[in-house]
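K.L.:
Questions regarding the structure given below will be posed in turn.
The values are calculated or read from the model by the stated rules, or taken from the named source; none is laboratory data. Remember, it's a predicted structure, so these values are computed and weren't measured experimentally. Methodologically, a virtual Cβ is constructed for each residue, glycine included, from the backbone with ideal geometry; neighbour enumeration extends over all protein chains shown. What goes into the accessible areas is simple: the full protein's heavy atoms, side chains included, and nothing from ligands, DNA or RNA. Shrake-Rupley method; radii C 1.70, N 1.55, O 1.52, S 1.80 Å.
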Amino acid sequence: MTTPRPETVAKLTPVLTKRWLSPDAWRIGTYEQLDGYAALRKALKAHPDDLIQLIKDSGLRGRGGAGFPTGLKWGFIPQGDGKPHYLVVNADEGEPGTCKDLPLMTHDPHALVEGVIIASYAIRANRAYIYIRGEAVHAARRLRNAVQEAYDKGYLGRNILRSGYDLELVVHSGAGAYICGEETALLDSLEGFRGQPRLRPPFPATHGLYASPTVVNNVGTIASVPPIVLGGADWWKSMGTEKSSGPMIYSLSGRIVNPGQYECSMGVTLRELLELAGGMQPGHNLRFWTPGGSSTPLLAAEHLDVPLDFEGVAAAGSILGTTATQIFSDQDCPVYATYRWLEFYHHESCGKCTPCREGNYWMVRVYRRILAGQGTHEDLDTLLDTCDNILGRSFCGLGDGATSSVTSSLKYFKQDYLDYIEGRTAPKLSEKTLVGAH
């Protein structure tokens, strides 16, 4: 186990995580003692347009994967249109390796509730929804308790803090479909329909929930709003990089000594995160890793010093995504890891579009063949050709994400595939898995 250097420890910037270890951090009493709802009082004295401008000035970008500028998204909502406006929080965290929103809602749910109230006030919404993954039972309980506490204290409901502003907040548990993490599929599910992505345009900013103007933001994005209101745009921009401002929660898992959530200024490197996490497990050496979850292209050991911000990761050929940093060693197989991820995407595809529905189905079968020792060299061309027909041709990003590990593992670890095909590596799957695979 390595001891992190002081300069590496200085990279830790607890903002969203600062209350997590406080006793009863999820209760409103603890939250109020630690700056809780002070930002709301300040925000309600400001003009909604000034709040939108503040978020624009801060440079806050979406924490759900795409990294779209939050203030710009809020500004897309048409004002004076006579329609109801809605804020919807995407809490359907379900990507393999991703684990930053669930602990936030479990340990500090009032941070999200306060962020929801401020954001709703800014976009002139009087009704907001938090759509949480169905399996997240404990986090949902904590969240519903926090919402009730906020109602009891006058932070939600009619005439909030005697400001004349009204807001109703509903926590809705989904049925556990990964596709509902896509914002338009989430909206369909929230309306009571089957969760499937919508054709765009029109976009949610004008035709979202119930065909009305809607902002859909990630949990981490909305929870970042109260600290920005309290600290100001310049303070937020003092952390991170020029184009990727603020701190980010990096979820580290895999072959490391201390897995967990590490909140650091954006631009931290994997080398520094590994140092904070105690290094690789004894007997393991880094071989490959995901910078932002299973839907982001794999990176290799040579990318240890890539800045983990939106621009730095993109320059290295991947995506920052949900900052789910899954770490694999020289004792892990990139071919098998990719197969397991593909099984997930095949299972979670909603089936609405042909490229994703059929492409993932067949790629899973090709991988089974390779891992059972019956693959051919032509299978590698088939995989790349299938990815080419899925990428950019699917109805939503699920199809694109499914191709990421396939193309990147073939780019960096083609020899591992050849070793299975040419018999140098023993089969990992039995022939029983090949039933129906041909």
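K.L.:
Evaluate the following for Asp35: is it farther than 22 Å from His138 by Cβ and not in a loop (DSSP other than H, G, I, E, B)?
P.N.:
no
K.L.:
Working carefully through the options Glu114, Glu168, Glu149, find the one that is part of a helix (DSSP H, G or I), open to solvent by 20 Å² or more (accessible area, probe 1.4 Å) and touching a residue at least 24 places away in the same chain (Cβ under 8 Å).
P.N.:
Checking each option against the conditions leaves just Glu149.
K.L.:
While we're here: Scan the stretch 1-45 for residues that are closer than 28 Å to Lys243 by Cα, more than 25 Å from the chain's Cα centre (by Cα) and without any contact (Cβ under 8 Å) to a residue 40 or more places away in the chain and jot them down.
P.N.:
Pro6, Glu7, listed by residue number.
K.L.:
Check off (1) at pLDDT 95 or above; (2) surrounded by 14 or more Cβ atoms within 10 Å (Cβ to Cβ); (3) in a helix (DSSP H, G or I) for Thr8 and give me the number that stays unchecked.
P.N.:
Result: Thr8 passes all but (1).
K.L.:
In the stretch 205-225, which residue that is part of a helix (DSSP H, G or I), open to solvent by 10 Å² or more (accessible area, probe 1.4 Å) and touching a residue at least 40 places away in the same chain (Cβ under 8 Å) is farthest from Met105 (Cα to Cα)?
P.N.:
Ranking the candidates gives Thr206 first.
K.L.:
Continuing with this model, one more query. Check whether at least one residue in the stretch 77-100 is outside any helix (DSSP H, G or I), small (Gly, Ala, Ser), within 20 Å of Asp234 (Cβ to Cβ) and in contact with a helix residue (DSSP H, G or I) (Cβ under 7 Å, 6 or more places away or on another chain), and report yes or no.
P.N.:
No: zero hits.
K.L.:
For the stretch 362-385, indicate whether the set of residues that are of a type outside the set (D, E, K, R) and within 23 Å of the chain's Cα centre (by Cα) is non-empty.
P.N.:
The answer is no, given that none of the residues of the stretch 362-385 is of a type outside the set (D, E, K, R) and within 23 Å of the chain's Cα centre (by Cα).
K.L.:
Let me ask something additional. If a residue has to be within 25 Å of Ser349 (Cβ to Cβ) and free of Cβ contacts under 8 Å to residues at least 24 places away in the same chain to count, how many in the stretch 300-339 make the cut?
P.N.:
Of the residues in the stretch 300-339, 0 are within 25 Å of Ser349 (Cβ to Cβ) and free of Cβ contacts under 8 Å to residues at least 24 places away in the same chain.
K.L.:
Select from the stretch 184-203 the residues that are without any contact (Cβ under 8 Å) to a residue 60 or more places away in the chain and buried (at least 18 other Cβ atoms within 10 Å of the Cβ) and write down the one among them that is farthest from Ile130 (Cα to Cα).
P.N.:
Residue satisfying both the conditions and the ranking: Arg198.
K.L.:
Which residue out of Leu230, Leu199, Leu252, Leu156 is among the hydrophobic types (A, V, I, L, M, F, W, C) and closer than 18 Å to Tyr86 by Cβ?
P.N.:
Leu156
K.L.:
If you don't mind, there's one more thing I want to ask. Which of the strands (runs of 3 or more DSSP E) found entirely inside the stretch 253-350 contain at least 3 residues meeting this: surrounded by fewer than 22 Cβ atoms within 10 Å (Cβ to Cβ)?
P.N.:
260-265
K.L.:
Looking at the stretch 421-432, is at least one residue outside any loop (DSSP other than H, G, I, E, B), touching a helix residue (DSSP H, G or I) at 6+ places or on another chain (Cβ under 7 Å) and over 22 Å from Glu358 (Cα atoms)?
P.N.:
Yes - at least one qualifying residue is present in the stretch 421-432.
K.L.:
Name, by its number, the condition in (1) in a helix (DSSP H, G or I); (2) open to solvent by 60 Å² or more (accessible area, probe 1.4 Å); (3) more than 26 Å from Leu434 (Cβ to Cβ) that does not hold for Arg393.
P.N.:
If we test Arg393 against (1) in a helix (DSSP H, G or I); (2) open to solvent by 60 Å² or more (accessible area, probe 1.4 Å); (3) more than 26 Å from Leu434 (Cβ to Cβ), just (1) comes out false.
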